[in-house]
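Take a look at the structure below.
The values are calculated or read from the model by the stated rules, or taken from the named source; none is laboratory data. Because the structure is a prediction, the values reported are computed rather than measured. With ideal geometry, Cβ positions are generated from the backbone for all residues, glycine too; neighbour counts draw on all protein chains shown. Surface accessibility is based on the protein's heavy atoms, side chains included, excluding ligands, DNA and RNA. Shrake-Rupley method; radii C 1.70, N 1.55, O 1.52, S 1.80 Å.
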Amino acid sequence: MDHVVGVVPLAESVDERRHLLDIACRALGSRVAAEHVVDEAYRRWYRLTDSERIRMPSPRVWLAQVVDEACLTRQTSAWPGGREREILALRALCGEDAELVERARSSVGERRARPVPARREHEISVAVRQACSDQDGSRLRSLLAPDAAAFFDSGGKIRALTRPVHGDEQVADSLLVLLTGQRRVTLFTGSVNGRTGLVARCDDKVAAVLALDIADSLVLEVWAVLNPDKLRSWNRSLPG
């Protein structure tokens, strides 16, 4: 599975962001300010080239250094033009794949000529959940269309794949790496955007939500939401 470059296990990405927030909170004494600093550190990460990120010996150490530097800067000067720079950085990050996403959505729409009954859709989602939980690559690939695709929405706020993944083998491998660490990562089936999907909890929080686009009893696309901001509503609805 190591040929899927750039995949970060969910538990690792959760720990990494938590670690960076702890550093910033201790330095700045404000959770809100710490969030801004950590978000900027990840934007700097995504502004690196693919080759620079691949060659990075320890992304976590690099990000921690960026956070330290940003905290020192913030302590001695105001944070200029923050929101305007955020928008430009996110456009630069997301713009490259926007056309791919739109084409993918059109493709899925065309292939839904024969919609899958809700019961069958649920069965497939349960099978995907079990294959991921068991780290069963062969079983997972059998549930994916040969030209399946996966998209990862990090919002630029955690490390994740920056481009879509295509092909049943690549999609299966990327999901298995993402969802490793069963002792901490637990998968459930649930309603995602009105359809059956998967909810991944790491420790006591929802860390990813995966919507599955299914046609002809196979998963055509996986839309993985990893952006902590978009997951806040999921975590607010958790019991107790």
### Query
What are the residues in the range 18-53 that are free of Cβ contacts under 8 Å to residues at least 12 places away in the same chain and either open to solvent by less than 60 Å² (accessible area, probe 1.4 Å) or among the basic types (Lys, Arg) (or both), if any?
Arg18, Cys25, Arg26, Ser30, Arg31, Leu48, Ser51
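I'd like the full set of residues that are in contact with a strand residue (DSSP E or B) (Cβ under 7 Å, 6 or more places away or on another chain) and at pLDDT 90 or above, limited to the range 194-211.
Within the range 194-211, Gly197, Leu198, Val199, Ala200, Arg201, Cys202, Val206, Ala207, Ala208, Val209, Leu210, Ala211 meet the criteria.
Does Val108 qualify as being more than 20 Å from Leu10 (Cβ to Cβ), at pLDDT below 95, part of a helix (DSSP H, G or I) and in contact with a strand residue (DSSP E or B) (Cβ under 7 Å, 6 or more places away or on another chain)?
Values: more than 20 Å from Leu10 (Cβ to Cβ): yes; at pLDDT below 95: yes; part of a helix (DSSP H, G or I): yes; in contact with a strand residue (DSSP E or B) (Cβ under 7 Å, 6 or more places away or on another chain): yes.
In short, yes.
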### Query
Looking at (1) in a strand (DSSP E or B); (2) crowded, with 19+ Cβ neighbours inside 10 Å; (3) at pLDDT below 95, can you tell me which one Ala148 breaks?
(3)
#### Entry: Pairs where the first residue, in the range 150-173, is closer than 13 Å to Ala208 by Cβ and the second is of a type in the set (Lys, Arg), C-beta under 6 Å, 6+ apart
Ile158/Arg17
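Residues of the range 134-167 being under 19 Å from Glu123 (Cα atoms) and touching a strand residue (DSSP E or B) at 6+ places or on another chain (Cβ under 7 Å), which ones? Give the derivation first.
Taking the range 134-167 first, the residues under 19 Å from Glu123 (Cα atoms) are 134-145, 148.
Result: Leu143, Leu144, Ala145, Ala148.
Being surrounded by fewer than 21 Cβ atoms within 10 Å (Cβ to Cβ) and either among the aliphatic types (A, V, I, L, M) or farther than 28 Å from Trp62 by Cβ (or both) is the requirement here; does Val206 meet it? It would help to see each step written out before you state the result.
Details: surrounded by fewer than 21 Cβ atoms within 10 Å (Cβ to Cβ): no; either among the aliphatic types (A, V, I, L, M) or farther than 28 Å from Trp62 by Cβ (or both): yes.
The answer is no for Val206.
Just to be sure before I move on: is Leu93 crowded, with 17+ Cβ neighbours inside 10 Å, at pLDDT 90 or above and in a helix (DSSP H, G or I) in the structure I sent?
Details: crowded, with 17+ Cβ neighbours inside 10 Å: yes; at pLDDT 90 or above: no; in a helix (DSSP H, G or I): yes.
Against the criterion (crowded, with 17+ Cβ neighbours inside 10 Å, at pLDDT 90 or above and in a helix (DSSP H, G or I)), Leu93 does not qualify.
Check Ser138, Ser174, Ser191 and return the single one that is open to solvent by 60 Å² or more (accessible area, probe 1.4 Å), at pLDDT 95 or above and either in contact with a Pro (Cβ under 8 Å, 6 or more places away or on another chain) or hydroxyl-bearing (Ser, Thr, Tyr) (or both).
Values: Ser174 fails: open to solvent by 60 Å² or more (accessible area, probe 1.4 Å); Ser191 fails: at pLDDT 95 or above.
Of the residues listed, the single one that is open to solvent by 60 Å² or more (accessible area, probe 1.4 Å), at pLDDT 95 or above and either in contact with a Pro (Cβ under 8 Å, 6 or more places away or on another chain) or hydroxyl-bearing (Ser, Thr, Tyr) (or both) is Ser138.
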### Query
Considering only residues of the range 200-218 that are within 16 Å of Phe151 (Cα to Cα) and without any contact (Cβ under 8 Å) to a residue 40 or more places away in the chain, which is farthest from the chain's Cα centre (by Cα)?
Ala211
### Query
How many residues does the range 212-240 contain that are surrounded by fewer than 18 Cβ atoms within 10 Å (Cβ to Cβ) and of a type in the set (Gly, Ala, Ser)?
4
### Message
Regarding the range 158-167, can at least one residue be identified that is part of a strand (DSSP E or B) and open to solvent by less than 70 Å² (accessible area, probe 1.4 Å)?
### Response
yes
